[in-house]
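Undergrad: Have a look at this one.
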Amino acid sequence: MTSEPKLPRTLEMPAITEASYSTNAANSLIHLYRAEVGRMTAYRGRLDTTTNWAIVTTAGLTSFGLGNRENSHAIFLFAMFMNYFFLHLEARRFRTFEITHHRVRIMERFFYPAMLGEKVDAGWHQLLLGELAKPRSPIPRLDAVGWRLRRNYLWIYAAVVIAWMAKLDLMRDPGARPTFAGFLELASIGNLPGFIVATAVLTFYVFLIRLAIRATRQYPLEQD
């Protein structure tokens with residue numbers, strides 16, 4: 001859920017209703033609302049596009065990695081890196097999406113109730129003008145990353161690490177007993193010891209989980 005916009009105390013003014021708006025002012029705000037909703041819808045689609053890129057890339061690299069026993073398991077580490085790139089790209093788009101979402105919520109919270117006869121604080125105009133003059137995302141960068149992780153990318157990363165472990169198991173000699181030491185040996189890449197690779201992957205996943213937990217469950221539409 002998202003919280004409703006709150007007016008700064010310094011902007012509190014006498015209440016207004018639909019009678020306070022001229023035809024030109026009302027039409028201008030209506031057109032602004034339509035434009036912002038259109039922009040928000042476009043960015044919603046861009047968010048879905050980035051997620052689709054991550055899913056398709058993961059599926060393709062997984063198919064390649066598991067398709068042949070001789071293919072290196074490093075392909076799954078590359079998939080983790082690519083998904084991290086897509087995650088940051090999507091988080092940046094999400095922050096831009098929330099800028100427009102913020103403006104839409106301001107108008108939905110104040111302008112349309114006034115047009116329907118409810119008295120609202122006239123100071124909301126200054127709030128909207130401030131957002132138009134200096135756009136700012138209500139979501140900090142790390143919180144945006146955490147939100148996209150929680151919604152989409154943790155599932156993608158879970159699939160990647162499961163596929164990576166399956167690849168290591170396929171690389172094991174037939175009939176050999178699976179052991180933790182054997183797993184670390186198979187995880188090596190060239191001259192890089194397997195325990196370093198496994199530690200790096202574990203640290204990376206702990207970092208991702210912490211980001212997802214850190215993101216607030218209810219983010220404000222504007223920062224205090």
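Undergrad: GNM on the chain, C-alpha springs below 10 Å: top fluctuator among Leu202, Leu29, Leu192?
TA: Leu192
Undergrad: Just to confirm, what accessible area per residue do you get for the chain at 1.4 Å probe, in whole Å²?
TA: 58
Undergrad: Given the peptides 71-79, 143-151, arrange them by the average over their residues of other C-beta atoms within 10 Å, most packed first.
TA: Top of the packing list down: 143-151, 71-79.
Undergrad: Amide H to amide H, which residues 5 or more places from Gly123 or on other chains are under 5 Å from it, using H placed in the peptide plane?
TA: Met13
Undergrad: Would you mind getting the Kirkwood hydrodynamic radius of the range 84-208 from its Cα pairs, rounded to one decimal in Å?
TA: 18.7
Undergrad: Please report the relative contact order for the chain, taking Cα pairs under 8 Å with a sequence separation of at least 6, and give it as a percent rounded to a whole number.
TA: Reported as a whole number, the value is 32 percent.
Undergrad: Assuming 0.36 nm per residue, please report the length gained on full extension of the stretch Asn24 to Leu132 beyond their Cα-Cα distance.
TA: Length gained, Asn24 through Leu132: 37.0 nm.
Undergrad: Peptides 127-137, 94-104, 111-121, 170-180: what's the order by average Cβ count within 10 Å, highest mean first?
TA: Answer by packing, highest mean first, reads 94-104, 111-121, 127-137, 170-180.
Undergrad: Express the carbon and sulfur contribution to the solvent-accessible surface of the range 109-224 as a percent, rounded to the nearest whole number, probe 1.4 angstrom.
TA: 63
Undergrad: For the range 30-159, just the Cα atoms, rotate onto the principal axes and tell me the three extents in Å, largest first.
TA: 70, 22, 21
Undergrad: At 0.36 nm per residue, and after removing the present C-alpha to C-alpha distance, how many nm does the segment from Arg172 to Met82 gain when stretched out fully?
TA: 29.8 nm
Undergrad: For an R0 of 30 angstrom, estimate the FRET efficiency from the Cβ-Cβ distance between Thr203 and Thr179 and round to the nearest 0.05.
TA: Between Thr203 and Thr179 the formula returns 0.85.
Undergrad: Tell me which DSSP H helices of the chain clear both cut-offs, 27 Å or more of axial length from alpha-carbon atoms and a mean Kyte-Doolittle hydropathy of at least 0.5.
TA: Those that pass (Cα extent of 27 Å or more, hydropathy at least 0.5) are 194-214.
Undergrad: Please state the Cα pair-distance histogram of the chain with 10 angstrom bins from zero: what percent is in each bin?
TA: In order of increasing distance, the bins hold 7, 26, 23, 16, 12, 9, 5, 2, 0 percent.
Undergrad: Enumerate the amide H contacts of Arg172 below 5 Å, restricted to partners 5 or more residues apart or on another chain; note that Pro and chain-start residues carry no placed amide H.
TA: none
The values are calculated or read from the model by the stated rules, or taken from the named source; none is laboratory data. Since this is a predicted model, take the numbers as computed values, not measurements. Methodologically, a virtual Cβ is constructed for each residue, glycine included, from the backbone with ideal geometry; neighbour enumeration extends over all protein chains shown. Remember, those area values only see protein heavy atoms, side chains included, never the ligands or the DNA or RNA. Shrake-Rupley method; radii C 1.70, N 1.55, O 1.52, S 1.80 Å.
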